[in-house]
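So the structure is just underneath, and the comments pick up after that.
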Amino acid sequence: TGVFTYDPGFTSTASCSSKITFIDGDKGILLYRGYPIEQLAEKCDFMEVCYLLLHDELPNGRQMQEFVNDITYHTMVHDQLTDFYKGFRRDAHPMATIVAVVGALSAFYHHELDIRCPIDRNLSAIRLIAKMPTIVAMSHKYSSGMPFMYPQNKLGYVENFMYMMHATPCEDYVQNPILVRAMDRILILHADHEQNASTSTVRLAGSSGANPYACITSGIACLWGAAHGGANEAVLRMLLEIGDVSRIGEFIDKAKDKNDPFRLMGFGHRVYKNYDPRAKLMRETCHEVLNELGLHDDPLFKLALELERIALEDEYFIEKKLYPNVDFYSGIVMRALGIPTVMFTAIFAMARSIGWIAHWDEMISDDEQKIGRPRQLYKGHTQRDVVSISAR
Ligand code: CMC
């Protein structure tokens, strides 16, 4: 009944209206609340970007201080939440653990929560942004068999995350400001990207009025896939598999072969048909981090640069407008920051949490929003009669 459009993969369907993020994929432009990503990456830190995505304006000094105080107040997780980790095998993928633990937040914050109330929604956002670094770092500590490190409220958001990831009770942990800034930039560049698969998943889940942490969990699950946030992990594994510049041609040929499912990971994007502006910034950050650590000859970085150069000169990639995306260089940066490969997508989830919750908030406060309910093109049997089991 009714007329509807068949659009698998939503290549031409706007599912909502939004004021948060703008992308011009042909020109390679990305704006958060109207501000170019390049300026935000240069002049702001992740906390300012979180405030901007949530509140539509950059904070002044006082607003920033209040926001940071609120976040800092909520960094600890309920002590009982720590027990959830122990139910998992140590070798579970951190994304599996994080999906479960963030989902479990809904069991801690549900009864008193009225999603129609802006104050409650804001508190949900603050709690999520505050607790994600703690939850992500705990998943890393658990899988490596090390004790959890509690958040330190004297530290900034990113410093605290690096501390919870890398510190141990046995020795002092020394922060490197250049590496902290690099992690901050990774968070800014991944913070939002309009109606991508995971954000659309959060919106769809939220459209029924479900608990916000349950909705965010659906976004984390969606992000895990290699076509989406899992690409950063896949890029690093691909670079390690290629191993040497002499084998690049072989892998480019594989990526072009229609009978081979292999794709060049970190290349191509549904919306960008030009260089992903985030990839440019990430490549710059990669240079900075490797120089700081004296790793300018890092073979993986050299391999990535050469792979990019060769792909961008190849007819197949030119014709299909396939350029490096944000994930192409982020893995090399995170590896240099001492982050294990299995944690890459978890860090993407931590960064994207602000985007997800800002979209959830925007959707719930939109009076025109209805429950998300796509239609389908039915290709199954026409109506038929059931034959009893003895006669089949
Ligand atoms: N390597 C080789 N060929 C590719 C690639 C690639 N990375 N990406 C797309 N193509 C080809 C694809 O085979 C298709 O060819 P044809 O028209 O002959 O069938 C054409 O380009 C269009 O691809 P598509 O799959 O129809 O495009 P899409 O918009 O559905 O997919 C994508 C976008 C990002 C899933 C895809 O480009 C891809 O799989 N890239 C590799 C994974 C990746 O890097 N993902 C991270 C995306 S950015 C971060 C994020 O959003 O999470």
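The values are calculated or read from the model by the stated rules, or taken from the named source; none is laboratory data. Keep in mind that this is a model prediction, so the values were computed, not measured. Here Cβ is always computed from backbone atoms with ideal geometry, including for glycine, and neighbour counts include all displayed protein chains.
A search for C-beta distances below 7 Å between a residue of segment 110-124 that is without any contact (Cβ under 8 Å) to a residue 40 or more places away in the chain and any residue that is surrounded by 12 or more Cβ atoms within 10 Å (Cβ to Cβ), counting only pairs 6+ apart in sequence or on different chains, returns ASP114/ASP120; ASP120/LEU113.
All of (1) closer than 28 Å to CYS117 by Cα; (2) away from the ligand (no atom under 16 Å from the Cβ) hold for PRO177 with one exception: (1). So for segment 7-14 (the condition being in contact (Cβ under 8 Å) with a residue 12 or more places away in the chain, surrounded by 15 or more Cβ atoms within 10 Å (Cβ to Cβ) and polar (S, T, N, Q)), does at least one residue qualify? Within segment 7-14 (the criterion being in contact (Cβ under 8 Å) with a residue 12 or more places away in the chain, surrounded by 15 or more Cβ atoms within 10 Å (Cβ to Cβ) and polar (S, T, N, Q)), the answer is no, since none of the residues qualifies. Note on segment 4-35: residues that are under 21 Å from the mean Cα position of the chain (by Cα) and of a type outside the set (A, V, I, L, M) amount to 16. Taking interchain pairs and intrachain pairs at least six residues apart, which have beta carbon atoms under 6 angstrom, with the first residue in segment 153-167 and without any contact (Cβ under 8 Å) to a residue 40 or more places away in the chain and the second of a type in the set (Val, Ile, Thr)? Qualifying pairs under 6 Å: GLU159/VAL180.
Residue under question is SER200, and the condition is that it be in contact (Cβ under 8 Å) with a residue 60 or more places away in the chain, hydroxyl-bearing (Ser, Thr, Tyr) and within 13 Å of the ligand (Cβ to nearest atom); does it hold? The answer is yes for SER200.
Within segment 295-306, identify whether any single residue is buried (at least 23 other Cβ atoms within 10 Å of the Cβ), at pLDDT below 95 and farther than 25 Å from MET132 by Cβ, and answer yes or no.
First, the residues of segment 295-306 that are buried (at least 23 other Cβ atoms within 10 Å of the Cβ): 304.
Pick out the ones that are also at pLDDT below 95 and you get 304.
Applying the additional criterion that residues be farther than 25 Å from MET132 by Cβ yields 304.
For segment 295-306, residues buried (at least 23 other Cβ atoms within 10 Å of the Cβ), at pLDDT below 95 and farther than 25 Å from MET132 by Cβ: present.
Restricting segment 181-197 to residues that are of a type in the set (Gly, Ala, Ser) and either under 16 Å from GLU362 (Cα atoms) or within 16 Å of the ligand (Cβ to nearest atom) (or both), the residue that is surrounded by the most Cβ atoms within 10 Å (Cβ to Cβ) is ALA191. The single residue among ASP56, ASP114, ASP45 that is surrounded by 17 or more Cβ atoms within 10 Å (Cβ to Cβ) and of a type in the set (Asp, Glu) turns out to be ASP45. Taking segment 15-36 as the range and being exposed (fewer than 12 other Cβ atoms within 10 Å of the Cβ) and either in contact with a Phe, Trp or Tyr (Cβ under 7 Å, 6 or more places away or on another chain) or over 21 Å from PRO277 (Cα atoms) (or both) as the test, only SER17 passes. Residue count for segment 207-233 satisfying the condition of being touching a residue at least 40 places away in the same chain (Cβ under 8 Å) and within 10 Å of the ligand (Cβ to nearest atom): 5. Taking the condition assigned by TED's automatic domain parsing to the domain that holds ALA125, at pLDDT 95 or above and in a helix (DSSP H, G or I), does ILE252 pass? No; evaluated as a whole, the condition is false for this residue.
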